[in-house]
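One structure is given below, encoded as structure tokens.
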Amino acid sequence: MNSVGVATGKIILSGEYAVVFGYPAIAIPAEIGMRAVRSKEVVWEKAPTEWFSSLCHIIALCQEHGSIASGVTIENQLPLGCGMGASTSLVIAVTRCLFQDSPLPHIKKIASSIEDTLNPGHSGLDFEVIWTEKPILFQKGSPPKSINISLNQFIDTSHHFCLIDTGNPGETTPELVSWVRSRMSDPAISAALQTIGHCTERLLKGEDITDVFKVHHRAQMILGVVPQKIQNFIADIEESGGAAKVIGAGSTSGGGGVVLAIAQNTIKIVSSYDFRHLHSQHRLHEVLGKS
């Protein structure tokens, strides 16, 4: 039987950007992800050139760590470059595939090393939540903490949610983080980061997620990482009685990546913007958390 490696994506409930600057963040595994199967050749149908090149680079790095395999076939459900941890998911899925018979700590060490090489300056949040496949409370300088309670404790299970692909961002995450970092002397930027960090604390205290999302979204707008079209879309969601936020780095141009919307019915609004649902509507507690 061919070796197989599987890795989920991730959803950040709270903490984008702020986590890079030492504030807490909550991330949870997504129910979609990547699957790597050992094969004779490198195969990833319809992958953009830069992602296929990244796959080849990961395989080469695995070989430097002792893998004798040179072929992997990728099956992917994640939007690429849209804030759901696709690059980290790819690293972990391929490493798990090519080192399937190795001890888990050894596999994790290799995957972490490759992640450091491919995504320098990353916070570590994506890697931890995708590796453990558990909800994580993450803060730089402290060990990641699994949230060993159901997310139902702080999410009203009457809410509905959907993940919406609004299109590929115009910039990469490292570019955006560098841009935000360069503006840290602006009091409005530092205040927005503090607000985002406080949103994480509010969720953990059990405050209503729709109220928290509205504050979180406005702080992301102040950072300048929510394109105008996405601002308009989220305003329409709020007008309908819901709330929404970008769950990744966002963008200053192009699409905003993936938006997590909490509302009773988003189909008509999503259609009017020509965006794409990644999931049909579900109750939050069925997808976003496990006890």
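Working note: Cα gyration tensor of the chain, eigenvalues times five, square-rooted, sorted largest first, giving semi-axes of 31, 20, 19 Å.
Over the range 4-146, the hull volume per residue, using the convex hull of the C-alpha atoms, is 100 Å³. Membrane-span-like helices in the chain, defined here as complete DSSP H runs extending at least 15 Å along the helix axis by their C-alpha atoms with mean Kyte-Doolittle hydropathy no lower than 0.5, are 49-64, 86-98, 187-204; this is a sequence and geometry rule, not a statement about a membrane. How far apart, in nanometres, would the label points at Asp186 and Gln231 be if each is projected 7 angstrom from Cα along the Cα-to-Cβ direction? It is 1.2 nm.
Each part reduced to its alpha carbon centroid, the range 203-217 and the range 229-252 end up 14 Å apart. Within the range 226-242, name every residue whose backbone N is under 14 Å away from a label modeled 7 Å from Cα of Asn265 along the Cβ vector. Only 240-242 fall inside the zone, counting backbone N under 14 Å.
Across the chain, Cα pairs under 8 Å and at least six residues apart give a relative contact order of 24 percent.
Among 235-248, 17-30, sorting by the average number of other beta carbon atoms lying within 10 angstrom of each residue, highest first, gives 17-30, 235-248.
Here the translational diffusion coefficient of the range 151-287 follows from Stokes-Einstein with Rh set to the Kirkwood radius across Cα pairs; for 20 °C and 1.002 mPa s it amounts to 140 µm²/s. Listed by chain and number, the lysines whose alpha-carbon sits under 17 Å from that of Lys245, ignoring those within fewer than 8 places in the same chain, are Lys10, Lys214, Lys229. Taking the Cα centre of the range 151-287 as reference, the dipole from Cβ charges on Lys and Arg (+1) and Asp and Glu (-1) amounts to some 120 debye. Dividing the summed -39500 (n - 2.57) terms of all DSSP H runs of n ≥ 4 by the residue count of the chain sets its mean residue ellipticity at 222 nm at -12500 deg cm²/dmol. Annotation for the range 189-239: trypsin sites (Lys or Arg not before Pro) lying in DSSP loop with at most 11 further Cβ atoms inside 10 Å of their Cβ are Lys205. Once C-alpha pairs closer than 8 Å and six or more residues apart are averaged by separation and normalised to the residue number of the range 151-287, the relative contact order reads 43 percent.
In this simple spin-label approximation, Glu75 and Val42 carry label points 7 Å from Cα along the Cα→Cβ vector, and these lie 2.2 nm apart.
Readers should treat all values here as calculations from the given coordinates under stated rules, not as data from a laboratory. What you see is a predicted model, and the numbers here were worked out from it, not measured in a lab. Positions of Cβ are generated from backbone atoms using ideal geometry, with glycine treated the same way; all protein chains shown enter the neighbour counts.
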